[in-house]
1. Here are a few candidate values for Rg and Dmax of the Cα atoms in Å: [x] 19.4, 61; [y] 16.3, 50; [z] 20.1, 77. Which one was actually calculated from the structure I just gave you?
2. Can you tell me which aspartates and glutamates have their Cα less than 14 Å from the Cα of LYS174? Leave out same-chain residues fewer than eight positions away.
3. Taking the dipole about the Cα centre of segment 125-223, with the C-beta of Lys and Arg at +1 and of Asp and Glu at -1, give me whichever of ALA168, MET134, ALA194 is farthest to the positive side.
4. Going Cα to Cα from LYS70, which aspartates and glutamates come in below 15 Å? Please leave out same-chain ones fewer than 8 positions away.
5. Counting each DSSP H run of 4 or more residues in the chain as -39500 (n - 2.57), what helix-only mean residue ellipticity at 222 nm follows after dividing by all residues, to the nearest 500 deg cm²/dmol?
6. At 7 Å along the Cα-to-beta-carbon direction for both SER48 and GLU137, put a label point, then send me their distance in nm to one decimal.
7. Once you charge only the Cβ atoms, +1 for Lys and Arg and -1 for Asp and Glu, what is the size of the charge dipole of the chain about its Cα centre, to the nearest 20 debye?
8. For the chain, calculate the relative contact order in percent as a whole number, restricting contacts to Cα pairs under 8 Å that are 6 or more residues apart.
Amino acid sequence: MTTDANAGSGSGPDPGPGLRERKKRETRVALSQAAIRLCVERGWANVSVEDIATAANVSERTFRNYFSGKAEAIAASHLERMGRVADRLRARPDDEPLWDSVVRAVEEQFAPRGTPGAEPARDRKRWAEGLRLMLAEPALHGEIVKANAVAQAELAAAIAERTGTDAARDLYPKLLAAVVGACSAVAVEHAMNADPPTPLADVLREAFDALAHGLPVPPRRSA
C-alpha cells in the first residue's frame with residue numbers, strides 16, 4: 001500500500017491520476033445512463049440538461065464539462081461499452097482463438113444484467129418502444145456516427161495488439177472492428193424490435209455464429 005511518505009519519492013506509482021480518471025469515467029457513465037433513462041421514460045423533448053444533471057446528482061455546470069448536450073451524453077454510452085469490449089479483448093487469454101475472444105468480449109458487455117425475465121413483459125415492451133423513439137431522434141444521429149468512429153478505432157487498436165498488425169496501416173484490424181460493430185448494432189436492433197421479445201444474448205450468438213460460418217443463406221420461410 002502506498003503511503004504519504006513515499007507517494008512522491010519515485011518508489012511507487014502515484015495512484016492519484018488513476019483515481020481521478022476513474023472518478024471522471026464514473027461521472028460520464030452516470031450522466032449518460034441518466035440521459036438515456038430519462039429520454040426513454042419521458043420522451044426526448046421532455047428532458048433537459050438540468051434534469052439529467054439532477055438525476056446524476058451533479059450540477060448542470062458539471063454536465064457541461066463532460067458533454068455539449070444530451071445527444072452527446074447518450075452516444076457516450078455506446079462509446080463506453082465498446083471501449084470495455086476493447087479492454088476485455090486485451091484481457092482474454094493469448095492462446096484463445098481471436099474470434100472466440102472477440103465474441104466473448106462482446107457478449108460480456110452486451111448481455112443483459114440481472115435476472116432474465118424479472119421485469120414484466122409490459123415494462124420491457126414499454127422500454128423498447130421508448131428506446132426506439134429515442135434512437136429515431138434526428139439530433140442523436142450525428143453523435144452516434146461520431147461515437148461509432150471512435151469506438152471502431154479503439155476496437156481496431158485492440159485487435160491489432162492481439163494479431164501483431166498495425167491498426168493504422170493494415171486492413172485486417174479495421175475490417176474486423178467494422179464487422180464486429182455492425183454485427184453488434186444489427187443484433188441490438190433486431191432484439192429491440194423482435195415480437196415476441198428475444199434476449200439480446202441469444203441474438204448476438206446467432207449473429208456471430210452466422211458470421212463465423214460465412215453467412216450461409218438460411219432456409220426459405222414457408223408461405
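The values are calculated or read from the model by the stated rules, or taken from the named source; none is laboratory data. Remember, predicted model here, so these are calculated numbers, not experimental data. Reconstructed Cβ throughout: ideal geometry from the backbone, glycine too, with neighbour counts over all protein chains shown. Protein only, heavy atoms only, side chains kept; ligands, DNA and RNA dropped before computing areas. Shrake-Rupley method; radii C 1.70, N 1.55, O 1.52, S 1.80 Å.
1. The value matching this structure is [z].
2. GLU154, GLU161, ASP166
3. Final value for the positive-end residue is ALA194.
4. Answer for LYS70, where 15 Å is the Cα cut-off: GLU41, GLU50, ASP51, GLU60, GLU137, GLU143, listed by chain and number.
5. -23000 deg cm²/dmol
6. Rounded to a tenth, the inter-label distance reads 1.5 nm.
7. 420
8. Working: 186 pairs, mean separation 41.2, N = 223.
For the chain, the relative contact order is 18 percent.
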